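Following: one structure in structure tokens, then a few remarks.
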Amino acid sequence: MRSSHATTPLYNRDVPGFFLSIVLTLIGFIGFGQAAAIAQSLIMPLKEVRAGQKAIGRTVFAGGNVEDFQVEILGVLENLGPKQSLILGRLSGGPLSETGVMAGMSGSPVYIDGKLAGAVALAFPFSKQAIAGIRPIEEMLAATVPQASPRAAVDSPFDTRWLDKLPGPLAVNAGGSRMIEVATPVSFAGFTRGTLEQFTPQLEALGLSPRQGQSGGAVRAGGPLGDPSKLEPGSMISVQLMSGDMTVGADGTVTRIDGTRIWAFGHRFLDAGPTEMPFARAEVITLLPSLNNSFKISAAKEWMGV
């Protein structure tokens, strides 16, 4: 939902498109101005991406350490939507042969010849190989400009009708199989199992993957801000929807850092328009391989910004 008070948007979302890149402000709960000029030499234009290229991805498999994994570019799915395309890549290295593409990897940056090409965003359920849909970085950067139109208007924060207005996760038919956005793990701490089960269907319809008691509770409201040097492309972060005795955190991966601005997740997260939410640096406790949906179990560690 949109913030009820008039401030400079701190947490920006792409409103009209079928994907989202999250843009956050690092160091303190402060506003930011227009996006800085992008150094084109550091960006791999989609028109230069082709099958057979070798790439390097970055993500966290354990603790807070960012590790490399290998990516073989399989090709580009063009014009999936208005001016929107998707890069297909086969991932390998680390635990990926066992886990496949994991929930929590959303936003993991992929580099070709040292240039940022995009972020891991989609995957095939039940796939025997870690084949990912990589959101082109050019499209993520194009989603930076805030939009004024809200997804839904509500009279009360307890009015849940806005949930019905939010779109579900993107699905793409590729080669006869269905590729969907990598689910966003959402950790609930301090909630009963019955409460979580009651709302799980609604959360899953939004592309969220609820987990009970995995937030760790390491960050508390009003806690100090962490060291920004601990964040880098590939780091885990947790957008804190609620903090305190009851904690709700949505986990993803940092794609790009430009000054005090961070791009993450690589796909929609609620798709609710410009919003303000605090986020924390997170660390991975362990990985849980699954035939259906492998995921990272992580815990928020320290506040980083909005």
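Across the stretch 45-68, the number of residues qualifying as in a strand (DSSP E or B), under 25 Å from Ile237 (Cβ atoms) and open to solvent by 30 Å² or more (accessible area, probe 1.4 Å) comes to 6.
Annotation for the stretch 272-288: no member residue is in contact (Cβ under 8 Å) with a residue 60 or more places away in the chain and under 25 Å from Ile87 (Cα atoms).
Within the stretch 229-243, the set of residues being touching a Lys or Arg at 6+ places or on another chain (Cβ under 9 Å) and touching a residue at least 40 places away in the same chain (Cβ under 8 Å) comprises Lys230, Leu231, Glu232, Pro233, Gly234, Ser235, Met236, Ile237, Ser238.
Among the residues of the stretch 207-214, some residue qualifies, meaning at least one is at pLDDT 85 or above and either surrounded by fewer than 19 Cβ atoms within 10 Å (Cβ to Cβ) or not β-branched (Val, Ile, Thr) (or both). Taking the stretch 247-306 as the region of interest, the strands (runs of 3 or more DSSP E) fully inside it that hold 2 or more residues being modelled with pLDDT of 85 or more and open to solvent by 20 Å² or more (accessible area, probe 1.4 Å) are 247-258, 279-288, 295-305. Scanning the stretch 233-268 for residues that are over 9 Å from the mean Cα position of the chain (by Cα) and farther than 18 Å from Ser187 by Cα yields Pro233, Gly234, Arg256, Ile257, Asp258, Gly259, Thr260, Arg261, Ile262.
Determine which single condition Ile131 fails, assuming it passes every other condition in (1) at pLDDT 95 or above; (2) touching a Phe, Trp or Tyr at 6+ places or on another chain (Cβ under 7 Å); (3) of a type in the set (Val, Ile, Thr). Only one criterion in (1) at pLDDT 95 or above; (2) touching a Phe, Trp or Tyr at 6+ places or on another chain (Cβ under 7 Å); (3) of a type in the set (Val, Ile, Thr) is unmet by Ile131, namely (1). Residues in the stretch 175-206 that are part of a strand (DSSP E or B), modelled with pLDDT of 85 or more and not hydrophobic (A, V, I, L, M, F, W, C): Glu181, Thr184, Pro185, Ser187. Counting the residues of the stretch 69-104 that are assigned to a strand (DSSP E or B) and either β-branched (Val, Ile, Thr) or under 17 Å from Thr286 (Cβ atoms) (or both) gives 5. On the given criteria, is Ala119 out of contact with any Leu (no Cβ under 8 Å at 6 or more places or on another chain), open to solvent by less than 20 Å² (accessible area, probe 1.4 Å) and modelled with pLDDT of 95 or more? Yes: the conditions hold for Ala119. So in the stretch 85-116, with the set limited to residues that are aliphatic (A, V, I, L, M) and closer than 13 Å to Ile73 by Cβ, which one is most open to solvent (accessible area, probe 1.4 Å)? Result: Leu88.
The values are calculated or read from the model by the stated rules, or taken from the named source; none is laboratory data. This structure is a prediction, so every number in the text was calculated from the model and none was measured. Because the Cβ atoms are built from the backbone with ideal geometry, glycine has one as well, and the counts that use them run over all protein chains shown. Ligands, DNA and RNA are stripped out before the accessible areas are found, and what is left, the full protein with its side chains, is counted by its heavy atoms. Shrake-Rupley method; radii C 1.70, N 1.55, O 1.52, S 1.80 Å.
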